[in-house]
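Derivation of every value follows stated rules applied to the coordinates shown; laboratory data play no part. Predicted model only: the values in this text are computed from it and were never measured. Backbone-built Cβ (ideal geometry, glycine too); neighbour counts: all protein chains shown.
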Amino acid sequence: MAISDDDVRHIAALARLGLEPARVSALVQELNGILGHMAVLQRVDTSDVKGATDGRAPLVARPDERNPDPLARPIEQFAPEARDHFFLVPRLGTHDEEAES
């Protein structure tokens, strides 16, 4: 599969990227080069390569532990209001205008 100029322009439009017309041909070459390398890698025979867990104990993920770092000072010393370890902040005046409209 080869990348065309139209493909590059389409991808740039989807990503909302500003693309100089002179840069399109260079990007086509770069992307086609990457796809060429991927095609070479797909032809490599890996049938005799063992997986990460072949013949060994299966990989086990550790349980997630929640151990927050302790604060150097109590929250009350630097936050006027807090609830459930979250800082309460006043609503911004700019958001009041949006709520009215």
Quiz item: Which value, in debye to the nearest 20, describes the size of the charge dipole of the chain about its Cα centre when Lys and Arg Cβ atoms bear +1, Asp and Glu Cβ atoms bear -1, and nothing else is charged?
Solution: 480 debye
Self-check item: Full-stretch length increase - GLN77, ASP48 - with 0.36 nm per residue and alpha-carbon distance subtracted
Solution: 4.2 nm
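I'd like the per residue volume of the convex hull spanned by the Cα atoms of the chain, given in cubic angstrom. Before the final figure, lay out the partial values.
Working: hull volume 32.3 nm³, N = 101.
Given the Cα convex hull of the chain, per-residue volume reads 320 Å³.
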Exercise. Round to a whole angstrom and tell me the spacing of the C-alpha centers of the range 63-94 and the range 13-54.
Key: 45 Å
Quiz prompt | Per-residue ³J(HN,Hα) for the range 71-81, Karplus 6.51 cos²θ - 1.76 cosθ + 1.60, θ = phi - 60°, Hz, x for Gly and Pro | solution = 6, 5, 10, x, 3, 4, 6, 10, 10, x, 9
Self-check item: In degrees, nearest ten, helix 24-42 long axis to first principal axis of the chain (Cα)
Solution: 80 degrees
Quiz item: If you average the sequence gap of Cα pairs under 8 Å that are 6 or more apart and divide by the length of the chain, what percent do you get for the contact order?
Solution: 16 percent
